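The values are calculated or read from the model by the stated rules, or taken from the named source; none is laboratory data. Everything quoted here is computed from the prediction, not taken from an experiment. Neighbour counts are summed over all protein chains in view; Cβ atoms, including those assigned to glycine, are modelled from backbone coordinates with ideal geometry.
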Amino acid sequence: MEKLFNGFAFILIILSLSFTSCVSSKKFNASEANGVRLQNENASKQSQLNDCNNQVNSLNEDKASLKNANLSVQNDLNALSTESKMTIADQAKRLKSFQDMIQTQRNVMSGLKNSIADALMNYKTDELSVYIKDGNVYVSLEEKLLFKSGSDVVDPKGKEALKSLAKVLNTTKDITVLIEGHTDNVPINTKLFEDNWDLSTARATSIVRILTKENSFDASRITASGRSQFHPVKTNETADGRAGNRRTEVILSPDLNELYKLLY
């Protein structure tokens, strides 16, 4: 009986130890799992904290960059304001110089026009005219003063008019001369001239030769051109209109180099 009791007690002790061991193992496992979870949560929180710190640092950098940009913009505005004030003053000075130079050119061209008109005052208004257009002086010479019909040979009376013109031109500096030949719209086709282009250009060239070779005008300041029938000043429907279109224009232009320097 006593042996039976002792065996039973031994079994109870074994079961008690086994149960206690099982419970302790479960608690240990649970505790271990909880520890892992806490570590993971801590790592996650630490990562979030690092992200927040990075964002704060980035915001601070952006703030500093924005501050520098604002300072740069302000400096640029200050510099621009100073430059603008200087530019306005400079522009006012340039404008005054420009206006003075234009007025001087006007005075020169007006004086030139009057001098030419005086030199050619003995010729009739239906032979030539002198006027200012677009800042240039025009001397328009009619065909009847210079040429016979269909010819590019200048008549003696026309040579005398060109001689008087050359005397004025030779005393005037800083001008260029353009000789433009013009015809009416009546076609021409001869051994010498294929069409009105040929005739108008040949007439302009003849006048250039007289001004330069016979009257010593500077050849580097003169140009010959022919415009044929395409720039009429009167109608080609009447005889008087066609006669007015058969003309040679001496166009005197001022030297604008100084004006261009002010502009550019």
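Details
- Flag for residue 125 being β-branched (Val, Ile, Thr) and in the same structural domain as residue 194 (by TED's automatic domain parsing): yes
Yes/no per residue for (1) more than 26 Å from residue 113 (Cβ to Cβ); (2) in contact with a strand residue (DSSP E or B) (Cβ under 9 Å, 6 or more places away or on another chain):
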site	(1), (2)
157	no, no
178	no, yes
186	yes, no
191	yes, no
208	no, yes
221	no, yes
231	no, yes
246	no, yes
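- Selection count where residues are surrounded by fewer than 22 Cβ atoms within 10 Å (Cβ to Cβ) and assigned to a loop (DSSP other than H, G, I, E, B), scope the range 164-183: 5
- Cross-chain or 6+ apart pairs with Cβ under 7 Å, the range 119-130 first and farther than 9 Å from residue 142 by Cα, then of a type in the set (Gly, Ala, Ser) and surrounded by 10 or more Cβ atoms within 10 Å (Cβ to Cβ): 119/164; 120/161; 120/164; 123/161; 130/117
- Annotation note: Cβ proximity below 9 Å between a residue of the range 217-239 that is among the aromatic types (Phe, Trp, Tyr) and a residue that is part of a loop (DSSP other than H, G, I, E, B) and surrounded by 11 or more Cβ atoms within 10 Å (Cβ to Cβ) (sequence gap 6+ or interchain) occurs for 217/170; 230/182; 230/185.
- Qualifying residues in the range 188-207 (those that are hydrophobic (A, V, I, L, M, F, W, C) and surrounded by fewer than 20 Cβ atoms within 10 Å (Cβ to Cβ)) - the one nearest to residue 140 (Cα to Cα): 202
- Residue within the range 208-215 that is more than 24 Å from residue 236 (Cα to Cα), at pLDDT 95 or above, in contact with a Lys or Arg (Cβ under 7 Å, 6 or more places away or on another chain) and of a type in the set (S, T, N, Q) present: yes
- Breaking point among (1) within 14 Å of residue 147 (Cβ to Cβ); (2) touching a helix residue (DSSP H, G or I) at 6+ places or on another chain (Cβ under 7 Å); (3) at pLDDT below 95, for residue 258: (1)
- Residue list for the range 144-163, restricted to those being of a type in the set (Ser, Thr, Tyr) and surrounded by 17 or more Cβ atoms within 10 Å (Cβ to Cβ): 151
- Here residue 126 fulfils each of the conditions (1) in contact with a Ser or Thr (Cβ under 8 Å, 6 or more places away or on another chain); (2) surrounded by fewer than 17 Cβ atoms within 10 Å (Cβ to Cβ) apart from (1).
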